[in-house]
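The block underneath contains the structure these notes are about, expressed in structure tokens.
The values are calculated or read from the model by the stated rules, or taken from the named source; none is laboratory data. Nothing here was measured: the structure is a model prediction, and the numbers come from that model. As a convention, Cβ positions derive from the backbone with ideal geometry for all residues, glycine included, and neighbour counts pool all protein chains shown. SASA here: full protein model, heavy atoms, side chains in, ligands and nucleic acids out. Shrake-Rupley method; radii C 1.70, N 1.55, O 1.52, S 1.80 Å.
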Amino acid sequence: MTILDLQPKEVWRYFDEISRIPRGSGNEAAVREHIIEFAKVNSLYYKVDDAGNLILRKAGDATKGKMLLFQAHLDMVCEKNSNVEHDFTKDPINTIVSGDTVKADGTTLGGDDGIGVAMIMALMTDKTIERPIEALLTVSEEVGLKGAMGLKSGELESDTMINLDSEDDEEIIIGCAGGMDTLLWLDIEKENVPYKPFAVKIKVSGLKGGHSGEDIHKPRANANKLIGGFLKDVIAEGKIDMRIAGIHGGDKRNAIPREAEATITVPWADKENIRITWNIFESKAEELFKRDEPDMRLTLESTTIIGDTYSKKLTEKIASILCATPHGVIEWSASIPDMVEVSTNLAYIREADGKLVIGTSQRSPSQEKCSAIASKVAKIGEQYGATAVHEDSYPGWEPKQDSALQRTAAATYKEMFGMEPKIKAIHAGLECGLFLQPYPNMDMISIGPKITDIHSPAETMHISTVEKCWKFVKKLTSVLP
């Protein structure tokens, strides 16, 4: 069975179409052009705004309701397992249907937010929907909500919006956290090792990872923290003169890092000692995460190096920053049970622009609290000689309790499915908060089918909830004023 055999057929057909088109953040031109051609074929209004967002409109009978806006983002997070050959700039996503689930073959699926885009395309061609429909398809959502940031007033005609970028079919989202990134930049200092070197590559892989907002509270390991912990252990013992020859961990600002590796050198005489130290570290890590990270793999293997290593001083700085920088929940909400108030993600470490950069991201519905944890991360980096830079700040979406849209959506959900939906705010970031700047009177909710483990190769979309969400969306087009 393939996704083309699934119901609702029109939604899965469009999802299949866009899954064949590479659409990583910043590379949305091809999928946008595909949807423009779709608009032409179906006689839809279309416009690309100055930020690269695509706006569509379907004419309808105004007596059946005012213009109703649906919104999703075109881009997807591009993550893959290290043993998978996949080029996100040219290869299609290979989807696998199993029971009630759809996954990809070792990569992210792109259900976030491809299924939202597919539903919008299906809405635009559904002849049973008589009211006028508007769509906003944004770009670069996954790298700082850049498309939403560029949206200007006067582009949209609607004052009611349904965002299709949530991942739980039992929820209606009415608020979300804001966030920002804090980058720690280190000058790369290299030197010749003053001994005959023995080089090894240490690697962490097989972690669950996940979304840095939705999954940050779960007891999952962070690959960068594990690598940093081992480096710090070696330095703290003071018996082995270790140098880093290369280090890389994580990839995306909004994904908990699943993999990290470092090449290190030690004196030839310490080649057995470094293995012993690693074995002790491996045993402790496996004991700590044996329940929550059953597929975790920690490996050490001999390797060779070419050229100089990082200086001993830089090696110590890297280990110190990785260990001292917080990761995870910083504060829980005092007013909403089980709601994260403040978090930070130690997202990646890599060489860039001739320097070493350690990327982190912070989230909170409170701009003040978000800035406070970002400042703390910056001070930790500066303490060890890094230059801290804050960027890609975006506001939260403050819940508008008991709005007309929320009341109608909740009542419709209960009538259709026989249960009350969960009305909540989430710790992840949505574009809705940014839309309120050019459109302060916009009434908004966010809904979607059940998608688990987003921003990781384990991303899974639950088929039955896609059909459920589609029926809910269609019903809302007929009951909303």
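Return the residues of region 108-128 that are outside any helix (DSSP H, G or I), in contact (Cβ under 8 Å) with a residue 40 or more places away in the chain and open to solvent by 10 Å² or more (accessible area, probe 1.4 Å); say none if nothing qualifies.
Going through region 108-128, the residues outside any helix (DSSP H, G or I) turn out to be 108-110, 126-128.
Next, only the ones that are in contact (Cβ under 8 Å) with a residue 40 or more places away in the chain stay: 108-110, 126, 128.
Passing the criteria: 126, 128.
So in region 184-198, with the set limited to residues that are of a type outside the set (D, E, K, R) and open to solvent by 10 Å² or more (accessible area, probe 1.4 Å), which one is nearest to residue 286 (Cα to Cα)?
Filtering region 184-198 for residues of a type outside the set (D, E, K, R) gives 184-186, 188, 192-195, 197-198.
Going one step further and asking which of them are open to solvent by 10 Å² or more (accessible area, probe 1.4 Å), we end up with 185, 188, 192-195, 197-198.
On the way: 185: 31, 188: 32, 192: 35, 193: 32, 194: 34, 195: 33, 197: 29, 198: 26 Å.
If we take residues in region 184-198 being of a type outside the set (D, E, K, R) and open to solvent by 10 Å² or more (accessible area, probe 1.4 Å), then 198 is nearest to residue 286 (Cα to Cα).
Having 2 or more residues that are at pLDDT 95 or above and over 27 Å from residue 331 (Cβ atoms) is the bar; report the helices (runs of 4 or more DSSP H) wholly within region 341-449 that clear it. Reasoning before the result, please.
Numbers: elements: 367-383, 404-417, 432-435.
Where helices (runs of 4 or more DSSP H) fall fully within region 341-449 and carry at least 2 residues being at pLDDT 95 or above and over 27 Å from residue 331 (Cβ atoms), they are 404-417.
One residue is enough: does region 215-226 have a residue meeting the conditions open to solvent by 60 Å² or more (accessible area, probe 1.4 Å), of a type outside the set (Phe, Trp, Tyr), in contact (Cβ under 8 Å) with a residue 40 or more places away in the chain and within 21 Å of residue 81 (Cβ to Cβ)?
Yes: region 215-226 contains one or more residues that are open to solvent by 60 Å² or more (accessible area, probe 1.4 Å), of a type outside the set (Phe, Trp, Tyr), in contact (Cβ under 8 Å) with a residue 40 or more places away in the chain and within 21 Å of residue 81 (Cβ to Cβ).
Looking at residue 220 and the list (1) touching a Leu at 6+ places or on another chain (Cβ under 9 Å); (2) of a type in the set (D, E, K, R); (3) outside any loop (DSSP other than H, G, I, E, B), which single condition is not satisfied?
(3)
Restricting attention to region 130-150, which residues are part of a loop (DSSP other than H, G, I, E, B), within 18 Å of residue 477 (Cβ to Cβ) and open to solvent by less than 10 Å² (accessible area, probe 1.4 Å)?
Pass one, region 130-150, residues part of a loop (DSSP other than H, G, I, E, B): 130-132, 139-140, 144-145, 150.
Add one more test, that the residue is within 18 Å of residue 477 (Cβ to Cβ), and what stays is 130-132.
Selection gives 131 alone.
So which strands (runs of 3 or more DSSP E) stay within region 15-77 end to end and still have 3 or more residues that are open to solvent by less than 10 Å² (accessible area, probe 1.4 Å)?
Details: elements: 45-48, 54-58, 68-73.
Per the criteria, 54-58, 68-73.
Return the residue satisfying two criteria in turn: it lies in region 159-209 and is part of a loop (DSSP other than H, G, I, E, B) and polar (S, T, N, Q), and of such residues it is modelled with the highest pLDDT.
Filtering region 159-209 down to residues part of a loop (DSSP other than H, G, I, E, B) leaves 159, 164-170, 177, 188-189, 192-196, 206-209.
Right, trim to polar (S, T, N, Q) and you get 166, 192.
Values: 166: 96, 192: 93.
Checking each candidate, the answer is 166.
Please enumerate the residues belonging to region 247-287 that are part of a strand (DSSP E or B) and either among the aromatic types (Phe, Trp, Tyr) or modelled with pLDDT of 95 or more (or both). Step through it out loud before you land on a result.
At the first step, the residues of region 247-287 found to be part of a strand (DSSP E or B) are 247-249, 255, 260-267.
Within region 247-287, 247, 248, 249, 260, 261, 262, 263, 264, 265, 266, 267 qualify.
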